[in-house]
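S.K.: Shown below is the structure under consideration.
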Amino acid sequence: MKWTNRELMIAGVRWIGLAFIVTLLLSCGETQTKPAQPEVVQGLLLQKIQWKSVPDELQAPGTVIASATAQVAARTMGTVLLVAVKEGDAVHRGQLLAQLDERELAAHRSAAQAGAQAADAGINQAQKAMAAAQAQADVMQKTYDRYTYLQQQKSVSPQEFDEIRAKQQAAQAQLEQARAVLAQAQAGREQAGAEARAAESVASYARIVAPFDGRVLRRMVDPGSLVSPGAPLFVVEDTSRYQLQATLPTGALLFVNKGSLVRVELDLREEPTGSESCQCDNSMEGKVVEIETGADPASHTLNARIDLPHDVTVKSGVFGRAYFAHGEKQALMVPPQALVTRGQLRGIYAVDANGLVHWRVVTLGQSTSGQVEVLSGIAPGDVIVLNPGVQQLDGKKAPQVSATREEKHS
């Protein structure tokens, strides 16, 4: 069979195309490379996680409060002329917080003082009148005594004796009247003095002062405001001592007593961002100074007050937790520097059997003795990275070590 020129051309093109495809496949096979090896990170500290015996603690949420908090209120009606402090200002006992308009109070005080002075003058007059009446009564008494003797000697007539006796009785009556007037004047002086002291005290109400050393927590008044008695103007707290008011379940009464020492953690530091290591150890020791003996029938909880050590960073309103120990438990504990935060999640770098590092999300429990309990995310026997820092270790390889940190200490 003879091939035409057209058929020969078509067959040639097909053979050339087939040869090109075979050549291309062979060349691809020759240039294929091996996958890249993961980066080995040096300087990592590794630790194998094991169960540890730690105190079994009851966690009780609470809020920091000042040991003494006073709501400073107005004690009289008036217009506020001056507000001398701002929220957050430190104050001393007796320091001026606000000044009310005291013109009307000062007028009442002046009137009361004038009444007291008038009462003093009345006493002086009554004392002089009593002195004169006493002198007159003394003279008439002596005259009466002489006439009594003469009457016994039959030397005076009955009429003369009766006149002297009447004058003596009148003098005694005047003396009693003078004494009554003096007593009335003295009573008036006491009343006027009491009114003056009351007016002075009321006038002092125009000065709103701090009840003790502390800090102004809230201010609820401005200059120009008209205040009435009992209207709260400021809230002042005593900064010398703070307490954690914790809420406990009723079962806590079995092992929590007044005087018990407890561990307290306060949320004083900002949450970490990015890949910063979590600093979770922020503990202090407190002492239970008050505890309710009965529970709230609605919530079935009770409150306890825990004295906190003096710390300049402690402020009222800070959220905190109290941990009441009662026995021991087994837990997986990791140091806080091993934790890494990504957004709202906290995790830990774990090393698998091939030495590859993976970030695992973990659920944290309580922290104690400088370590944090891990509730989920890792298991006993897992190897973790203790010093991740800010490095991105996902998918990288940890160096092979002969023993982990846990094994070296065992």
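The values are calculated or read from the model by the stated rules, or taken from the named source; none is laboratory data. Predicted, not measured: the structure shown is a model, and the values here were computed from it. Cβ sites come from the backbone with ideal geometry, for glycine too, and all protein chains shown count toward neighbours.
S.K.: Could you list all residues from the range 168-179 that are more than 11 Å from residue 133 (Cα to Cα) and either surrounded by fewer than 16 Cβ atoms within 10 Å (Cβ to Cβ) or hydroxyl-bearing (Ser, Thr, Tyr) (or both)?
M.R.: Listed by number, the list holds a single entry, 169.
S.K.: Under the condition of being modelled with pLDDT of 85 or more, under 21 Å from the mean Cα position of the chain (by Cα) and among the hydrophobic types (A, V, I, L, M, F, W, C), which residue from the range 295-323 is surrounded by the fewest Cβ atoms within 10 Å (Cβ to Cβ)?
M.R.: The extreme case among them is 319.
S.K.: Take residue 125 and decide whether it is surrounded by 18 or more Cβ atoms within 10 Å (Cβ to Cβ) and either modelled with pLDDT of 80 or more or in a helix (DSSP H, G or I) (or both).
M.R.: Criteria not met by residue 125.
S.K.: Let me ask something else about it. Taking the range 310-332 as the search range and keeping residues that are touching a residue at least 60 places away in the same chain (Cβ under 8 Å) and of a type in the set (A, V, I, L, M, F, W, C), which one is nearest to residue 238 (Cα to Cα)?
M.R.: Filtering first and then ranking leaves 314.
S.K.: So which pairs qualify, if the first residue must be in the range 390-405 and in the same structural domain as residue 337 (by TED's automatic domain parsing) and surrounded by 11 or more Cβ atoms within 10 Å (Cβ to Cβ), the second must be at pLDDT below 80 and hydroxyl-bearing (Ser, Thr, Tyr), the Cβ gap must be under 6 Å, and the two must be at least 6 apart or on different chains?
M.R.: none
S.K.: Could I ask something else about it? Restricting to the range 343-388, give me the number of residues that are more than 28 Å from residue 263 (Cβ to Cβ) and exposed (fewer than 14 other Cβ atoms within 10 Å of the Cβ).
M.R.: Residues in the range 343-388 being more than 28 Å from residue 263 (Cβ to Cβ) and exposed (fewer than 14 other Cβ atoms within 10 Å of the Cβ): 5 in total.
Listed here are the residues, each with its yes/no results for (1) assigned by TED's automatic domain parsing to the domain that holds residue 119; (2) part of a helix (DSSP H, G or I); (3) modelled with pLDDT of 85 or more; (4) of a type in the set (Gly, Ala, Ser).
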| site | (1), (2), (3), (4) |
| --- | --- |
| 162 | yes, yes, no, no |
| 168 | yes, yes, no, no |
| 179 | yes, yes, no, no |
| 189 | yes, yes, no, no |
| 193 | yes, yes, no, yes |
| 197 | yes, yes, no, no |
| 211 | no, no, yes, no |
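S.K.: Is it the case, given these coordinates, that residue 60 is in contact with a Ser or Thr (Cβ under 8 Å, 6 or more places away or on another chain) and either within 15 Å of residue 236 (Cβ to Cβ) or modelled with pLDDT of 85 or more (or both)?
M.R.: yes
S.K.: Condition (residue is within 29 Å of residue 305 (Cα to Cα), of a type in the set (Val, Ile, Thr) and at pLDDT 90 or above) applied to the range 70-85: is it met by at least one residue?
M.R.: Yes: the range 70-85 contains one or more residues that are within 29 Å of residue 305 (Cα to Cα), of a type in the set (Val, Ile, Thr) and at pLDDT 90 or above.
S.K.: Another one. Restricting the range 370-397 to residues that are small (Gly, Ala, Ser) and modelled with pLDDT of 80 or more, which is nearest to residue 58 (Cα to Cα)?
M.R.: So the residue we want is 376.
S.K.: Looking only at the range 331-342, which residues are surrounded by fewer than 18 Cβ atoms within 10 Å (Cβ to Cβ) and in contact with a Lys or Arg (Cβ under 7 Å, 6 or more places away or on another chain)?
M.R.: Scanning the range 331-342 gives no hits.
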